[in-house]
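The values are calculated or read from the model by the stated rules, or taken from the named source; none is laboratory data. Please read these numbers as outputs of a predicted model, since none were measured by experiment. Heads up, the Cβs are rebuilt from the backbone with ideal geometry, glycines too, and the neighbour counts pull from every protein chain shown. Heavy atoms of the whole protein, side chains included, go into the accessibility calculation; ligands, DNA and RNA do not. Shrake-Rupley method; radii C 1.70, N 1.55, O 1.52, S 1.80 Å.
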Amino acid sequence: MISILPATGSAKVKSVLSGDTVVLLGRAAAGGKAPEVTFTFERVTAPRMASKANNNVDDPEAFPSREWLRNLCVGKTVFFETR
């Protein structure tokens, strides 16, 4: 499997999927589209948002945890480290 992310770097936060998962936008190649990567934080477990896997029901506090993270980082550049 080829990794889109380098071991360390920076990227802009495009969106927040849950309180522990964000979508990062990488730098676009000349004339190309910026790569998107779903990035889940290590050692963080947040309540899950509704999905088919959990019968379309939010875990308690799922929405507030996602909104807190969304307000904190969407549109900002973040630094990351992968392992």
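Some points to look at:
- So SER3, is it of a type in the set (Gly, Ala, Ser) and modelled with pLDDT of 85 or more: no
- From the options ALA50, ALA28, ALA34, residue that is assigned to a loop (DSSP other than H, G, I, E, B), among the hydrophobic types (A, V, I, L, M, F, W, C) and open to solvent by less than 40 Å² (accessible area, probe 1.4 Å): ALA34
- The single condition among (1) on the phi > 0 side of the Ramachandran plot; (2) open to solvent by less than 100 Å² (accessible area, probe 1.4 Å); (3) not charged (D, E, K, R) that ASN56 does not meet is (2).
Residues checked against (1) farther than 19 Å from ALA7 by Cα; (2) over 13 Å from the mean Cα position of the chain (by Cα); (3) modelled with pLDDT of 90 or more; (4) of a type in the set (Asp, Glu):
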residue	(1), (2), (3), (4)
GLY26	no, no, no, no
ALA29	no, yes, no, no
SER51	yes, yes, no, no
LYS76	yes, no, yes, no
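- Looking only at region 13-22, and only at residues there that are surrounded by fewer than 19 Cβ atoms within 10 Å (Cβ to Cβ) and modelled with pLDDT of 95 or more, the one that is farthest from LEU69 (Cα to Cα): LYS14
- Some residue of region 59-80 being touching a Leu at 6+ places or on another chain (Cβ under 7 Å) and either exposed (fewer than 13 other Cβ atoms within 10 Å of the Cβ) or part of a loop (DSSP other than H, G, I, E, B) (or both): no
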